[in-house]
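First comes the structure, then the notes that go with it.
The values are calculated or read from the model by the stated rules, or taken from the named source; none is laboratory data. On a predicted model such as this, the values are computed, not experimentally measured, just so you know. Don't worry about glycine lacking a Cβ; one is built from the backbone with ideal geometry, like all the others, and counts go over all protein chains shown.
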Amino acid sequence: MKRLRVQYFAILREQRGLDEEALLTGAATAGQLYDELRALHGFSLPRDRLRAAVNDEFAPWTAALSDGDKLVFLPPVAGG
Amino acid sequence: MFSISAKPIDPALMARELADEAAGACVTFEGWVRNRNEGRPVLSLDYEAYAPLAEKEGARILEEARAKFSVLKAACVHRTGALALGDLAVWVGVVAEHRGAAFEACRYVIDQAKMRVPIWKREHYADGSSGWIDVSSGTAR
């Protein structure tokens, strides 16, 4: 099991009801972690509508997770 | 320099920071909060940013603009927080020797920023509802 920090923004923050949480997971990749959290919290957005970031940098869904990583799942952006 | 700001943007101050005696052109863009979106009356907006990655990705866009076009300096600042109609949401400024490069680079920066920088917008509508804007699906959720 790995101890990770997950930060939530926009629609995911509202659906989770939290800005941020620490969690223990057996997920091996960023994609597996999102699927696990989506099943747990009922997030409306499927993985193919999002991007992942690990430790404040964009990362592929296949990125391997390490103890202490910070994960963010990015809903479709809408700046400007 | 690309930054995220929780405080109002001062365009005059931003432009002064681009001052360069080699520049013959300064092109700026201001994105304002508009009173309608997709035909629905909008009363106000909230912007939220993942600041560490937004500033990194924004800096990459400015660097790309400097590499693609003959520009001397480029800067962009984007607001976060609650904004009212008419407020300045995003400012882009580019200085170059000649106007062509400055116009093109300014357009490049705002277009790329809207597509790539992790910033989200919630619109509040006149009917009391609100939703996160999803440009990729063309609807508010």
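Does B:ALA75 satisfy the criteria of being at pLDDT 95 or above, out of contact with any helix residue (DSSP H, G or I) (no Cβ under 9 Å at 6 or more places or on another chain), in a strand (DSSP E or B) and not polar (S, T, N, Q)? First the steps, then the outcome.
On the way: at pLDDT 95 or above: yes; out of contact with any helix residue (DSSP H, G or I) (no Cβ under 9 Å at 6 or more places or on another chain): no; in a strand (DSSP E or B): yes; not polar (S, T, N, Q): yes.
No.
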Query raised in the report: Is the stretch B:85-92 home to any residue that is within 14 Å of chain A (Cβ to nearest Cβ) and of a type in the set (Val, Ile, Thr)?
Result: yes
Requested in this report: Identify the residue in the stretch B:31-47 that is under 13 Å from the mean Cα position of the chain (by Cα) and surrounded by 14 or more Cβ atoms within 10 Å (Cβ to Cβ) and, among all such residues, is farthest from A:ALA10 (Cα to Cα).
Outcome: B:GLY31
Requested in this report: Out of B:ALA82, B:ALA59, report the one residue that is of a type in the set (Gly, Ala, Ser) and in a strand (DSSP E or B).
Outcome: B:ALA82
Report task. List the number of the failed condition for B:HIS124; all other conditions in (1) in contact with a Cys (Cβ under 9 Å, 6 or more places away or on another chain); (2) in a strand (DSSP E or B); (3) away from chain A (no Cβ under 13 Å) hold. Result -> (1)
Query - Lone unmet requirement of (1) within 12 Å of chain B (Cβ to nearest Cβ); (2) free of Cβ contacts under 8 Å to residues at least 12 places away in the same chain for A:VAL72 - result: (2)
Report summary line: Reported set for the stretch B:97-121 where residues are in a helix (DSSP H, G or I), among the charged types (D, E, K, R) and away from every other protein chain (no Cβ under 14 Å) is B:ARG99, B:GLU104
Query raised in the report: Residues of the stretch B:1-27 being farther than 16 Å from B:TYR47 by Cα, exposed (fewer than 14 other Cβ atoms within 10 Å of the Cβ) and of a type in the set (A, V, I, L, M), which ones?
Result: B:ALA12, B:LEU13, B:ALA19, B:ALA22
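Any idea which of A:LEU24, A:LEU40 is at pLDDT 95 or above and either in contact with a Lys or Arg (Cβ under 9 Å, 6 or more places away or on another chain) or within 11 Å of another protein chain (Cβ to nearest Cβ) (or both)? First the steps, then the outcome.
Values: A:LEU40 fails: either in contact with a Lys or Arg (Cβ under 9 Å, 6 or more places away or on another chain) or within 11 Å of another protein chain (Cβ to nearest Cβ) (or both).
A:LEU24 is the lone residue from the list that is at pLDDT 95 or above and either in contact with a Lys or Arg (Cβ under 9 Å, 6 or more places away or on another chain) or within 11 Å of another protein chain (Cβ to nearest Cβ) (or both).
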Requested in this report: Evaluate the following for B:SER44: is it under 28 Å from B:SER129 (Cβ atoms), modelled with pLDDT of 95 or more and in a strand (DSSP E or B)?
Outcome: yes
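Could you check how many residues of the stretch B:28-46 are acidic (Asp, Glu) and touching a strand residue (DSSP E or B) at 6+ places or on another chain (Cβ under 7 Å)? Full working, then the answer.
Here is the first cut: in the stretch B:28-46, the residues acidic (Asp, Glu) are B:30, B:38, B:46.
From what's left, touching a strand residue (DSSP E or B) at 6+ places or on another chain (Cβ under 7 Å): B:30, B:46.
Of the residues in the stretch B:28-46, 2 are acidic (Asp, Glu) and touching a strand residue (DSSP E or B) at 6+ places or on another chain (Cβ under 7 Å).
Would you check if A:LEU12 is free of Cβ contacts under 8 Å to residues at least 40 places away in the same chain and either within 14 Å of chain B (Cβ to nearest Cβ) or loosely packed, with under 15 Cβ neighbours inside 10 Å (or both)?
Working: free of Cβ contacts under 8 Å to residues at least 40 places away in the same chain: no; either within 14 Å of chain B (Cβ to nearest Cβ) or loosely packed, with under 15 Cβ neighbours inside 10 Å (or both): yes.
It is false that A:LEU12 is free of Cβ contacts under 8 Å to residues at least 40 places away in the same chain and either within 14 Å of chain B (Cβ to nearest Cβ) or loosely packed, with under 15 Cβ neighbours inside 10 Å (or both).
Can you confirm whether A:ASP19 is closer than 22 Å to B:ILE119 by Cα and not aliphatic (A, V, I, L, M)?
Working: closer than 22 Å to B:ILE119 by Cα: yes; not aliphatic (A, V, I, L, M): yes.
Answer is yes for this residue.
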